[in-house]
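The structure appears below as structure tokens.
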Amino acid sequence: MKQFIETLFSRATISFQINSLKKGWQEANYVALYTTSELGENGVREYGEIKRIATEEDSVRFFVEVWKNTKQVIRPVKYGIATYMMTTLSLLNEAKELPELYMKNKQETTLWRMLRRISDQIEINLDNKVLDEALGVGTFSFKEIEIHLDKEKRTLSIRNDSQERVLGTDLLIHQPSKVFREVLSLL
């Protein structure tokens, strides 16, 4: 594995099987690497800007300008990546834990950032243990608070052991301070 990664860095390329790629992969501007404990600590450590893409029979090769280190190792916590996942460069730069890279909508990101102001011990539960197969964040929890974001009903349920508050998800975008106050009131 170590030799494979060293070769990957020296050639500045990475390949994926075409049949493993999901919709939207052609729009990628960067690629990041998830490495295992054989190379130190599990997590995402390096990324690079894609300078060109080549298709070869049954695979796609991404040519990287130069590999750069992430600000910190993005730890897997209790999730892993089966093949690959897509995220944004801003999330890659800000993330400390792998599930943070999965947040794909404004409500999840706003809620995450809001909760990080209160605690650095936020637990994210996705609807699947394999990150790239998850369809969304199930719950955010910390201390004795659990927050469920229901995208279909467009509600945000905030609860502790004795109380529950249900708000509209539109408040996360239009009045995030109101949501913040509701979370604080249940601490």
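The values are calculated or read from the model by the stated rules, or taken from the named source; none is laboratory data. Computed from a prediction, not measured in an experiment: that's the story for all the values here. Ideal geometry is used to build each Cβ from the backbone, glycine not excepted, and the neighbour counts take in all protein chains shown. Quick note on the areas: whole protein, heavy atoms, side chains included, nothing else; ligands and nucleic acids left out. Shrake-Rupley method; radii C 1.70, N 1.55, O 1.52, S 1.80 Å.
Side notes on the structure shown:
- Meets criteria (open to solvent by 10 Å² or more (accessible area, probe 1.4 Å), in contact (Cβ under 8 Å) with a residue 12 or more places away in the chain and of a type outside the set (S, T, N, Q)) for residue 118: yes
- Of the candidates 155, 87, 110, the single residue that is open to solvent by less than 70 Å² (accessible area, probe 1.4 Å) and in contact with a Pro (Cβ under 8 Å, 6 or more places away or on another chain) is 110.
- Of the residues making up the stretch 165-187, those that are part of a strand (DSSP E or B) and among the small types (Gly, Ala, Ser) number 1.
- Total residues in the stretch 165-178 satisfying the condition of being at pLDDT 95 or above, under 17 Å from residue 141 (Cα atoms) and either touching a helix residue (DSSP H, G or I) at 6+ places or on another chain (Cβ under 6 Å) or not β-branched (Val, Ile, Thr) (or both): the figure is 2.
- Residue tally, condition farther than 17 Å from residue 154 by Cα and not in a loop (DSSP other than H, G, I, E, B), over the stretch 91-111: 10
- The selection criterion, being among the small types (Gly, Ala, Ser), more than 30 Å from residue 177 (Cβ to Cβ), touching a residue at least 24 places away in the same chain (Cβ under 8 Å) and part of a strand (DSSP E or B), does not hold for residue 54.
- The set of residues in the stretch 131-152 being open to solvent by 30 Å² or more (accessible area, probe 1.4 Å), under 19 Å from residue 185 (Cα atoms) and outside any loop (DSSP other than H, G, I, E, B) consists of 146, 148.
- Selection status of residue 162, part of a helix (DSSP H, G or I), open to solvent by 20 Å² or more (accessible area, probe 1.4 Å) and of a type in the set (S, T, N, Q): no
- Flag for residue 65 being open to solvent by 50 Å² or more (accessible area, probe 1.4 Å) and not in a strand (DSSP E or B): no
- Whichever residue in the stretch 165-187 is among the small types (Gly, Ala, Ser) and within 25 Å of the chain's Cα centre (by Cα) and, among such residues, is least open to solvent (accessible area, probe 1.4 Å): 168
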